[in-house]
Each structure stands twice: as structure tokens, then as C-alpha cells.
Amino acid sequence: MNPHDLLQCSATPVLPPAAPDWVHDALEATPWVVVRRARARPGRIAVGVRGPTRSARFPFQMSTEDAIAVVTPEELARRRVAPDRPALRALELIGPVLDEAGVAWGPTGSVGFELATHVRTVTADSDLDLIIRMPRPTQLAVADEAVRASAVRIDCQVETQLGAVALAELTGGTTEVLLRTADGPRLIARTDVIA
């Protein structure tokens with residue numbers, strides 16, 4: 001499993017004693033978690049629970065046996081819901097551009113969660129969060145142009161073998177970029193990522 005994959009739970013997983021009440025309520029209503037970019041003990045998966053607000057997120061390690069289905073962002077790229085909110089309209093517009101460029105991509109965040117669970121989580125103010133797998137430099141340029149042309153804010157992460165980097169940093173003029181890894185973020189030379 002990879003960061004941003006969504007997991008359907010067979011039942012409410014065993015939670016740490018410190019889990020707030022809203023975590024139990026959230027999992028009872030929608031038994032789905034998102035895989036986090038973190039190390040986990042053997043037989044466990046680092047996951048997070050989405051709460052009722054953007055700031056409500058709860059990280060923990062879940063048993064692999066509690067996951068009954070895995071949905072990847074790339075699978076979600078093929079799913080559609082009515083584009084009745086700005087982030088979903090942006091998804092409808094940018095998807096064909098990324099497909100045409102041959103980029104492996106998918107939605108994450110609230111859009112990905114709604115596409116996986118069919119629970120309305122995207123609001124009128126939601127950003128569109130995307131990941132793309134490390135593309136060729138020409139594909140990076142196409143993706144960056146499509147993201148910049150969007151009327152909705154798009155947060156696009158590029159997944160590499162080293163970790164994830166913001167698309168805007170990879171295509172910007174900086175010499176160093178922030179690499180997100182399972183051991184935490186660190187600065188790395190931009191050329192080491194796109195070499």
C-alpha cells in the first residue's frame with residue numbers, strides 16, 4: 001500500500017486509548033481511512049482518519065487484517081461524480097489533459113475520499129488535491145501548465161522513488177525542494193529528484 005491509498009475497514013479498527021470521540025463516530029459513519037506516509041510496525045499500516053473539519057485528522061497504526069478493500073488514487077481518476085462543486089469541475093477539466101500527457105495520476109484529499117466512499121465531503125471551498133507518479137520532464141511541464149490554468153487551487157504532489165515533492169517546487173526555479181518521506185520531510189537538491 002502507498003500513501004494516499006484509501007482503505008475500507010471491515011469494522012471499527014482497534015484505536016489507541018487517546019483517540020477522541022469524533023474518531024469513533026467518523027469510523028462508525030464511514031469506515032474508511034487513508035494511508036499515511038510514515039513507518040509502521042510489522043503487520044500494521046500507518047493511516048489517518050478524516051474528521052468533520054479540515055483540522056480534524058487522527059493518525060494511528062491499523063492492523064493489516066482490518067483492511068478489506070484498497071482503492072488507489074489512480075483508480076479514483078476513472079470515477080466520476082456530478083461536477084457540481086468547483087473542485088469537481090476542476091477534476092473534470094484537468095483529467096483529460098493529464099491522460100493525454102500520459103501521466104499516471106489520481107485525486108486525493110476530500111475529492112478522492114468522496115469518490116471512494118460516495119460520502120459528500122467536497123465543499124464549495126475545497127481545493128483539488130492530486131498526485132502524479134514521477135513523469136518525464138515534458139509531462140511535468142504539461143501537468144504544471146494545467147495546474148496553473150485552473151480556476152480552483154490545485155495542490156499537486158509528485159510521487160518519486162525518494163518520496164513526494166510539490167509539483168510547483170519541481171517546476172519552479174529553486175535549487176532545493178522539500179521531499180516528504182516516511183521518515184519525515186527533508187530538503188534535497190531539485191536535480192536529485194528529476195535526474
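The values are calculated or read from the model by the stated rules, or taken from the named source; none is laboratory data. As the structure is a prediction and not an experimental result, all values here were calculated from the model. All Cβ positions, glycine included, derive from the backbone under ideal geometry; neighbour counts span all protein chains shown. Ligands, DNA and RNA are stripped out before the accessible areas are found, and what is left, the full protein with its side chains, is counted by its heavy atoms. Shrake-Rupley method; radii C 1.70, N 1.55, O 1.52, S 1.80 Å.
Residue selection: residue 91 satisfies the criterion of being in a helix (DSSP H, G or I), more than 20 Å from residue 55 (Cα to Cα), free of Cβ contacts under 8 Å to residues at least 60 places away in the same chain and within 15 Å of the chain's Cα centre (by Cα). Counting only residues that are touching a Lys or Arg at 6+ places or on another chain (Cβ under 7 Å), open to solvent by 50 Å² or more (accessible area, probe 1.4 Å) and part of a helix (DSSP H, G or I), segment 10-43 holds 0 of them. Taking the listed residues 86, 73, 107, the one that is in contact (Cβ under 8 Å) with a residue 40 or more places away in the chain, surrounded by 21 or more Cβ atoms within 10 Å (Cβ to Cβ) and over 16 Å from residue 193 (Cα atoms) is 73, with no other qualifying. The set of residues in segment 166-182 being touching a residue at least 24 places away in the same chain (Cβ under 8 Å) and either open to solvent by 30 Å² or more (accessible area, probe 1.4 Å) or out of contact with any strand residue (DSSP E or B) (no Cβ under 7 Å at 6 or more places or on another chain) (or both) consists of 168, 171, 180, 181, 182. Step by step: first the residues of segment 183-195, then only those that are open to solvent by 40 Å² or more (accessible area, probe 1.4 Å) and aliphatic (A, V, I, L, M), then the one that is farthest from residue 156 (Cα to Cα). Which residue is that? Selected residue: 195.
This table checks each residue for (1) more than 16 Å from the chain's Cα centre (by Cα); (2) outside any strand (DSSP E or B); (3) polar (S, T, N, Q); (4) in the same structural domain as residue 152 (by the TED database).
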position	(1), (2), (3), (4)
95	no, yes, no, yes
99	yes, yes, no, yes
113	no, yes, no, yes
130	no, no, no, yes
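The residue pairs whose first member lies in segment 31-56 and is within 15 Å of residue 11 (Cα to Cα) and touching a residue at least 60 places away in the same chain (Cβ under 8 Å), whose second member is of a type in the set (Val, Ile, Thr) and open to solvent by less than 40 Å² (accessible area, probe 1.4 Å), and whose beta carbons are closer than 6 Å, counting only pairs six or more residues apart or on different chains, are 32/117. Reported count of residues in segment 132-165, each being among the small types (Gly, Ala, Ser), within 25 Å of residue 86 (Cβ to Cβ) and buried (at least 16 other Cβ atoms within 10 Å of the Cβ), is 4.
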